[in-house]
1. Which one of the conditions (1) within 17 Å of the chain's Cα centre (by Cα); (2) assigned to a helix (DSSP H, G or I); (3) over 14 Å from residue 55 (Cβ atoms) does residue 120 fail to meet, given that it meets all the rest?
2. State all residues of the range 60-95 that are free of Cβ contacts under 8 Å to residues at least 60 places away in the same chain, in a helix (DSSP H, G or I) and among the hydrophobic types (A, V, I, L, M, F, W, C); if no residue qualifies, say none.
3. For residue 144, indicate whether it is in contact (Cβ under 8 Å) with a residue 24 or more places away in the chain, open to solvent by 80 Å² or more (accessible area, probe 1.4 Å) and in a helix (DSSP H, G or I).
4. Hey, can you tell me all the residues within the range 1-50 that are part of a helix (DSSP H, G or I) and open to solvent by 50 Å² or more (accessible area, probe 1.4 Å)?
5. Which of (1) more than 20 Å from residue 31 (Cβ to Cβ); (2) free of Cβ contacts under 8 Å to residues at least 40 places away in the same chain does residue 152 not meet, given it meets every other one?
6. What tally of residues in the range 120-129 results from selecting those that are open to solvent by 50 Å² or more (accessible area, probe 1.4 Å) and either away from the ligand (no atom under 11 Å from the Cβ) or without any contact (Cβ under 8 Å) to a residue 40 or more places away in the chain (or both)?
7. Confirm whether residue 86 is open to solvent by less than 60 Å² (accessible area, probe 1.4 Å), closer than 18 Å to residue 148 by Cα and not aromatic (Phe, Trp, Tyr).
Amino acid sequence: MVKVLFVCLGNICRSPMAEAIFKEKLKGDGLENQIEVDSAGTGDWHEGNPPHEGTQGILKEKNISSEGLRARQVKEEDLEMYDYIIGMDAENVGNLTRMKGLKKSGEIARLLDFVEDGKEDDVPDPYFTGNFDYVYELVDEGCERLLAHIREKEGL
Ligand code: 4NP
């Protein structure tokens, strides 16, 4: 089983959106038994909470389920357990890299680094911008390219 973890700051806006979108793509490709996905936040303020209403709203509009998504903080063990640890922005990646220390762990990368010639490098935080539609567009494209990368690397 290949394990993918999406990480943002609060785990209520961007990374649960990425988790839900990625799961939908896995279902579409019949890969839900080969690739497992979860999300977490570098902060702990929203532990146990469902996604932000903006994330729930855009997922509903796109007919993607947000059932069962609950915020949690990223733990050191995650960095050893997951094969692909995908941050939404440079700050997330910096925090993850610092947490990783010298331990062996999976690939840490930024979601939009998989999108060549994309409009943005970081997924802007809709908790502050309020623009969930734009974030959906970026995250959807990032997930599409990430899945292609994983399929190629893992021979799936
Ligand atoms: P996220 O957005 O990292 O995309 O989940 C945020 C959610 C909450 C906070 C910051 C960002 N906060 O400061 O509570």
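1. All conditions pass for residue 120, except number (2).
2. 79, 90, 93
3. On the way: in contact (Cβ under 8 Å) with a residue 24 or more places away in the chain: yes; open to solvent by 80 Å² or more (accessible area, probe 1.4 Å): yes; in a helix (DSSP H, G or I): yes.
The answer is yes for residue 144.
4. Filtering the range 1-50 for residues part of a helix (DSSP H, G or I) gives 14-29.
If the condition is that a residue be part of a helix (DSSP H, G or I) and open to solvent by 50 Å² or more (accessible area, probe 1.4 Å), then 23, 24, 27, 28, 29 are the ones that fit.
5. Status for residue 152: all satisfied but (1).
6. At the first step, the residues of the range 120-129 found to be open to solvent by 50 Å² or more (accessible area, probe 1.4 Å) are 120-122, 127-129.
Filter again for either away from the ligand (no atom under 11 Å from the Cβ) or without any contact (Cβ under 8 Å) to a residue 40 or more places away in the chain (or both), leaving 120-122, 128-129.
Result for the range 120-129: 5.
7. Values: open to solvent by less than 60 Å² (accessible area, probe 1.4 Å): yes; closer than 18 Å to residue 148 by Cα: yes; not aromatic (Phe, Trp, Tyr): yes.
So residue 86 fits the description; yes.
Residue-wise test of (1) touching a Gly at 6+ places or on another chain (Cβ under 9 Å); (2) among the hydroxyl-bearing types (Ser, Thr, Tyr).
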{"position": "15", "(1), (2)": "yes, yes"}
{"position": "31", "(1), (2)": "no, no"}
{"position": "47", "(1), (2)": "yes, no"}
{"position": "66", "(1), (2)": "no, yes"}
{"position": "90", "(1), (2)": "no, no"}
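The values are calculated or read from the model by the stated rules, or taken from the named source; none is laboratory data. Treat the numbers as computed from the prediction; the structure is a model and nothing was measured. Here the Cβ is made from the backbone with ideal geometry for all residues, glycine too, and neighbour counts use every protein chain on show. Please note that ligands, DNA and RNA were not included when accessible areas were found on the heavy atoms of the full protein model with its side chains. Shrake-Rupley method; radii C 1.70, N 1.55, O 1.52, S 1.80 Å.
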